[in-house]
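Accompanying notes for the structure given below.
The values are calculated or read from the model by the stated rules, or taken from the named source; none is laboratory data. All of these numbers come straight from a predicted model, not from anything done at the bench. Glycine also receives a Cβ, built like all others from the backbone with ideal geometry; neighbour counts cover every protein chain displayed.
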Amino acid sequence: MPVRSKGITLYTLKEVARLLGVDDQTTRRWAANASIETIRDDVDQRRRLFTSEHVEMLRKLHPTAGGEERGDPAKLSLDALTIQIEELKRSQAEVVDAVKATSNRLSEMQSALLSITASMATITEAIATIVTQRAAPTREPVAVGGRDTQW
C-alpha cells in the first residue's frame, strides 16, 4: 500500500516491481542504471521508497514492462487500484495547482500592464506639455527707448 509523506505518494521497491510487472532485482537494477535516487525510509534506512515520478521514469525507460495495473481492470488487486486512484488524484491536484498558479500569474501580469498603461498616459501628457511650451514664444515683448517693441 503506498505511503503518503509530505503530500508525496511513496512506493516500496516491491510495489514498484509489481506495478512494472518485473522482479524486485530488475527494479533495483533499472533504478540504479537510471541513476534514480530513491528516498530512504525514516524508520528503516535500508528500505527504498520511490515517488510516482520515479515509477513513470522507469516506465518510459522500459516501455515493454507490463505491470498488473495494465491488465484487465477486473483482475486488479485492491492495492493496484488504490495506487491508480492516488496517481489520478495527485495528477488532478497538480493540474489544479498549475491552473491556479497560471491564473495568479495572469492576474499579476494584468495589474502590471494596467500600471504600465497608466504610466504611459502620464508620460504622453508630459511630452505634450513640453512640446506645447517649446512651440510658444517664451519672452515678453520689450519697449526700447519709446520706439517699436522688440522681441
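Has segment 125-146 got at least one residue that is of a type in the set (S, T, N, Q), at pLDDT below 85 and either surrounded by 10 or more Cβ atoms within 10 Å (Cβ to Cβ) or part of a loop (DSSP other than H, G, I, E, B) (or both)? Yes, segment 125-146 contains at least one residue that is of a type in the set (S, T, N, Q), at pLDDT below 85 and either surrounded by 10 or more Cβ atoms within 10 Å (Cβ to Cβ) or part of a loop (DSSP other than H, G, I, E, B) (or both).
Are any residues in segment 14-42 over 15 Å from residue 59 (Cα atoms) and of a type in the set (Ser, Thr, Tyr), and if so, which ones? Once the filter is applied, which keeps residues that are over 15 Å from residue 59 (Cα atoms) and of a type in the set (Ser, Thr, Tyr), segment 14-42 yields only 38. Could you grab me the full set of residues in segment 48-64 that are in contact (Cβ under 8 Å) with a residue 12 or more places away in the chain and hydroxyl-bearing (Ser, Thr, Tyr)? Across segment 48-64, the qualifying residues are 51, 52.
Checking each residue in segment 27-65 for being surrounded by 12 or more Cβ atoms within 10 Å (Cβ to Cβ), among the small types (Gly, Ala, Ser) and out of contact with any Asp or Glu (no Cβ under 6 Å at 6 or more places or on another chain) picks out 31, 34, 65.
Taking first residues from segment 90-109 that are closer than 24 Å to residue 51 by Cα and at pLDDT below 90 and partners that are surrounded by 10 or more Cβ atoms within 10 Å (Cβ to Cβ) and not small (Gly, Ala, Ser), the Cβ contacts under 7 Å between residues at least 6 apart in sequence or on separate chains come to 90/9.
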